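Below is one structure, written out as structure tokens; the observations come after it.
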Amino acid sequence: MNQEIVEKYIPKNYQPKIDGNVLEYQVSSGDILNVCCELYFNHGLPLKTITAVDERRENGGFKIIYLFGLPKENIFLAPYITLKNTEEFPSITKKIQQASWHERKIKTFFGLQPVGHPDPRPLILHENWPSDVFPLRKDFNWQQRPAEAAGTYEFQKVEGEGIYEIPVGPVHAGIIEPGHFRFSVAGEEIILLEPKLGYVHKGTEKLFEVLPLADKVRLSERVSGDTSFTHSLAFCQAVENLSNLEVPERVKYLRVIFSELERLANHFNDIGFIMLDTGYSFGGSNGTRLRERIMQWHERLTGSRYLRGVNVIGGVTKDISVEVGREFLEDLQKIKKDFTEVIEISEDSASLLNRLEGAGQLDREVALDHGVIGVAGRAVGIPRDVRIDYPYAAYDKIKFNISLEKNGDVRSRLYVRIKEVYSSMLIIEQALGCLSSEGKLVADGKLELRKNSCAVGVAEGWRGEIVYFVLTDAVGNITRVDVRDSSFVNWAVLGYAGQGNVVPDFPLINKSFNLSYSGNDV
């Protein structure tokens, strides 16, 4: 099968290296734009991430890797370029819009210049960070605080009579994380909305370089706290792809169950808060009540309300007995009935539905251009779901459909979540039914990682697809971990969804996306 993939997607003048679930091949800087456009436009392969590696010590330069997914095959194509005697590389953003934030991140963290990029502003790092200090270079001293700078961030400007700006954040009235939003408005209408993030940057990718392996798993759980399980699952799967470990069959089903529980808790929460932001208190109170019932099951099954400490390399630390599984399934049926009644009552509220319909509408073409994923993508009818496209754990043995809507407004994003609640319950029921009475929880054998190798781990978080790209050095130690939360992709389109709305509707629109600040600000 790998040879067929090579012949179909990789030109004959390149020499691919088959490395686990990655096919990597070197491309000249002058050819990288054509190679990426061929994969992206002609073959329709989704761009997963673009990342860089500092290989100056080993190979005298930097490497920039462009990762494309091959749905249904669980294979990832990784054309790459090397930079020697230069710190510039050709931008592909003018052709592939989705590349924009990836290239800006590389510039910010590695100091490499994407030549021809239409927006060269820094990304994630705050303007008090020195512009000539690049934390993902290997010679950066992560234990030393750099001198404080006094830079300025240039927001986009809208000129014209009657245009004025409204700054919101980064500190907000609630307990949400910090993020700044700059509105340019004419009267009440939003003409331009620009988010500025990075206030909770915590050096995650640098810490992945230096922490022991067990602490790396714990670190992955803290990339975005409400997605602790699925982030650690994606990381563990990447590392498992680098090893010779065979994950036990029971573990695969347990991982499915815990991942869907995480999805349920967060979807209940979002469904309630979307309704609450319209003033519909009944929906808001019942959403948080249903979430709490799931969170209590989190704690009973794993000892952690956020499912932390469950994933380990090669397995899990928590099991579900037959008796507890039966009790859980019985309560899940009651929760399903309860949820159905809440939705039926809510749908009788004309004022609720009127507020949702047409608000924060995202154009499908904009979503496609930016590679929007997860709930926001499925709300415009993009049928992408990692659980089906790149099946992992036991998802290839589970039957369910991708939850889709088509209008791309707040109502569509709400109903994608509602459909996914029922889908998650169906998945859990199937997975519980497939659990044998006993089985191993951790793979046999000693963990040894391939040397000078790379692997990809993907998992469908409740917001959308999570991608981990992991590399090892000449002795088999992990030397680079690139983390791409779904929020990093979707934050780029929030401004498009805000245009044409009024400022008071922004909290509702923002909640309907409910993107992670922390997941973006790695």
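The values are calculated or read from the model by the stated rules, or taken from the named source; none is laboratory data. Keep in mind it's a predicted model, so treat the numbers as computed, not measured. Neighbour counts are summed over all protein chains in view; Cβ atoms, including those assigned to glycine, are modelled from backbone coordinates with ideal geometry. The protein model used for the area step is the full one, side chains on, heavy atoms only, and it has no ligands, DNA or RNA in it. Shrake-Rupley method; radii C 1.70, N 1.55, O 1.52, S 1.80 Å.
Structural remarks
- Across the stretch 325-351, the qualifying residues are those that are farther than 26 Å from Arg250 by Cα and of a type in the set (S, T, N, Q), and the one among them that is surrounded by the fewest Cβ atoms within 10 Å (Cβ to Cβ) is Ser351.
- Of the candidates Ile50, Ile5, Ile81, Ile64, the single residue that is aliphatic (A, V, I, L, M), touching a residue at least 40 places away in the same chain (Cβ under 8 Å), open to solvent by less than 20 Å² (accessible area, probe 1.4 Å) and farther than 17 Å from Leu471 by Cβ is Ile5.
- Among the candidates Gly445, Gly408, Gly457, Gly439, residue that is crowded, with 22+ Cβ neighbours inside 10 Å and over 24 Å from Gly287 (Cβ atoms): Gly457
- Condition broken by Arg417, with the remaining ones in (1) of a type outside the set (S, T, N, Q); (2) open to solvent by 10 Å² or more (accessible area, probe 1.4 Å); (3) part of a helix (DSSP H, G or I); (4) in contact (Cβ under 8 Å) with a residue 40 or more places away in the chain satisfied: (2)
- When Gly309 is tested against (1) modelled with pLDDT under 95; (2) on the phi > 0 side of the Ramachandran plot, exactly one condition is not met: (1).
- Only one of the numbered conditions (1) within 30 Å of Gly476 (Cβ to Cβ); (2) of a type in the set (A, V, I, L, M); (3) open to solvent by less than 10 Å² (accessible area, probe 1.4 Å); (4) under 20 Å from the mean Cα position of the chain (by Cα) is violated by Leu23, and that is (4).
- Within the stretch 176-214, being under 21 Å from Gly500 (Cβ atoms), out of contact with any Phe, Trp or Tyr (no Cβ under 8 Å at 6 or more places or on another chain) and touching a residue at least 60 places away in the same chain (Cβ under 8 Å) holds for Glu188, Glu189, Ile191.
- Evaluated against (1) assigned to a loop (DSSP other than H, G, I, E, B); (2) open to solvent by less than 40 Å² (accessible area, probe 1.4 Å); (3) touching a strand residue (DSSP E or B) at 6+ places or on another chain (Cβ under 7 Å), Lys138 falls short on exactly one condition, (2).
- For the stretch 159-180, the criterion of being among the hydroxyl-bearing types (Ser, Thr, Tyr), in contact with a strand residue (DSSP E or B) (Cβ under 7 Å, 6 or more places away or on another chain), assigned to a strand (DSSP E or B) and crowded, with 17+ Cβ neighbours inside 10 Å is met by none of the residues.
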